[in-house]
1. Specify which residue in the list B:108, B:33, B:6 is farthest towards the positive end of the charge dipole of chain B, using unit charges on the beta carbon of Lys, Arg (+1) and Asp, Glu (-1), about the Cα centre.
2. When we measure straight from the Cα of residue B:57, which aspartates and glutamates land under 20 angstrom away, once same-chain ones fewer than 8 places off are left out?
3. Provide the net charge surrounding residue B:105, with neighbours chosen by a C-beta distance below 13 Å and charges set as Lys +1, Arg +1, Asp -1, Glu -1.
4. Under a Cβ-only charge scheme (Lys and Arg +1, Asp and Glu -1), can you give me the dipole magnitude of the protein assembly as shown about the Cα centre, in debye to the nearest 20?
5. Tally Lys and Arg at +1 and Asp and Glu at -1 over the other residues with C-beta under 9 Å from the C-beta of residue A:56: what net charge comes out?
6. Using a Förster distance of 22 angstrom, determine the FRET efficiency expected from the C-beta separation of residue B:110 and residue B:58, and round it to 0.05.
7. Place a label point 7 angstrom from the Cα of residue A:18 along the Cα-to-Cβ direction, then list the residues of the range A:38-65 whose backbone nitrogen is under 12 Å away.
8. When we measure straight from the Cα of residue B:15, which lysines land under 16 angstrom away, once same-chain ones fewer than 8 places off are left out?
Amino acid sequence: KAGVTQTPRYLIKTRGQQVTLSCSPISGHRSVSWYQQTPGQGLQFLFEYFSETQRNKGNFPGRFSGRQFSNSRSEMNVSTLELGDSALYLCASSRDSSQETQYFGPGTRLLVL
Amino acid sequence: QQQVKQSPQSLIVQKGGISIINCAYENTAFDYFPWYQQFPGKGPALLIAIRPDVSEKKEGRFTISFNKSAKQFSLHIMDSQPGDSATYFCAAKAAGNKLTFGGGTRVLVKP
């Protein structure tokens, strides 16, 4: 069974631009969560989607948004990029809404210049 | 607000030794406590998890010890191997809520 895939793996953007990251969960998994990982702040929860509905949201500004499609694939968008948005963005999928067993993808490394 | 505090930030252990990582939490609603292992360039991978009704869980060389009254739990890596060199994250979750991670511990196992 294929794991969680994230595209692109690496991305370089400049301040003020926007970016869209994509996540394909494990087949049959309906829950997708997004995390931001930085050396200083560690793993920070962004949001979680289950059956196309956002169920939980972390403490990030409105520039960070996401959505989930009917096939469970998810995208997250960051608008008006700031230098501090440079991070590894991780997607995790789980089979159901409990989110307990989460399987992480390899992440998208975003560098904002 | 950091709800899960993890220590130490890093540790070095000799091959064959025991690595011990500790986590403390504040939210008594947490009812699921997983540990994740992350290698450079990879996403975290679930290692082992425990619920508060169990005081200890062992899977191979990895053991979680849980102390509900002290609101602490720890990961023991027995017979540590160079391949165990990675960053380890504890986490906690309450039903219906997000997974909250500790700050991570970078483990280096020297051959």
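Please treat every number below as a calculation from the coordinates, not as lab data. Predicted, not measured: the structure shown is a model, and the values here were computed from it. Positions of Cβ are generated from backbone atoms using ideal geometry, with glycine treated the same way; all protein chains shown enter the neighbour counts.
1. B:108
2. Within the straight-line limit of under 20 Å, residue B:57 reaches these aspartates and glutamates: A:100, B:31, B:79, B:84.
3. Details: positive: B:5, B:106; negative: B:84.
Cβ neighbours under 13 Å give a net charge of +1.
4. Working: 25 positive and 14 negative charges, 58 e Å.
Its charge dipole is roughly 280 debye.
5. On the way: positive: A:55, A:57, B:98; negative: A:48.
Combined, the nearby Lys, Arg, Asp and Glu give +2.
6. Working: r = 25 Å, r/R0 = 1.12.
That gives a FRET efficiency of 0.35.
7. A:63-65
8. Candidates past the 8-residue exclusion: B:110.
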